[in-house]
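To start, the structure itself, in structure tokens.
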Amino acid sequence: MKLNIVMVEPEIPQNTGNIARTCAAIGAKLHLVKPLGFEITDKYLKRAGLDYWDKLEIEMHESLKAFLEKYPPEENTLYFSTTKGKNCYSDVNYAKSNEIFILFGKETKGLPEDLLKKYILQTIRIPMREHLRSLNLSNSVAIVAYEVLRQVGFEKLEEISSYFD
């Protein structure tokens, strides 16, 4: 399975750096949808991603509209992560698709409401206590990404360390 993590208008470079590092570690493709709240050369972005940038497949998109035109939800398997999601992220059967895209919105606003309403059946959420706004974005990406990988048996990832052998 091909996993795509899509960051729509991310604002905080450290979050995006952490997400880039996660994507490199698990072999997911990272999509960055402009406008970005930082320069791609931002020192905080690079510091958070450390030396993983050369191990990362990354695709830039000029806008959310451009991304959705290239990867139409009607022709691709897209999930929209939001605190308002209809489905719990762990209840979705990700293993049924060869390629999936999981979209995450910007830290301050999330994904656009009209998009969420249009694709409400494809929205996912991470359960959390009532009256709290949200989890950290990079933590949310890691939680959902590892659930996807768990469902496919952590395909193509190292299972046992030979360090102590």
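For LEU56, all conditions in the list (1) out of contact with any Cys (no Cβ under 7 Å at 6 or more places or on another chain); (2) within 27 Å of ARG150 (Cβ to Cβ); (3) not aromatic (Phe, Trp, Tyr) hold save one; what is the number of the exception?
Checking LEU56 against (1) out of contact with any Cys (no Cβ under 7 Å at 6 or more places or on another chain); (2) within 27 Å of ARG150 (Cβ to Cβ); (3) not aromatic (Phe, Trp, Tyr), the one that fails is (1).
Determine whether LYS109 is among the basic types (Lys, Arg) and more than 20 Å from THR16 (Cα to Cα).
The answer is no for LYS109.
For region 122-138: of the residues being in contact with a strand residue (DSSP E or B) (Cβ under 8 Å, 6 or more places away or on another chain) and not hydroxyl-bearing (Ser, Thr, Tyr), which is farthest from LEU64 (Cα to Cα)?
PRO127
Within region 47-65, restricting attention to residues that are part of a loop (DSSP other than H, G, I, E, B) and at pLDDT 95 or above, which residue is nearest to PRO112 (Cα to Cα)?
That would be SER63.
Just to be sure I understand, how many residues within region 125-144 are on the phi < 0 side of the Ramachandran plot, free of Cβ contacts under 8 Å to residues at least 60 places away in the same chain and not small (Gly, Ala, Ser)?
11
Residues that are surrounded by fewer than 14 Cβ atoms within 10 Å (Cβ to Cβ) and at pLDDT below 95: list the strands (runs of 3 or more DSSP E) wholly contained in region 66-165 that include at least 1 such residues.
Result: empty, no element qualifies.
Of the residues in region 110-146, how many are closer than 26 Å to GLU57 by Cα and of a type in the set (Lys, Arg)?
Residues in region 110-146 being closer than 26 Å to GLU57 by Cα and of a type in the set (Lys, Arg): 1 in total.
The values are calculated or read from the model by the stated rules, or taken from the named source; none is laboratory data. Source: prediction; values computed, not measured. Quick reminder, even Gly has a Cβ in these numbers, built from the backbone with ideal geometry, and neighbours come from all protein chains shown.
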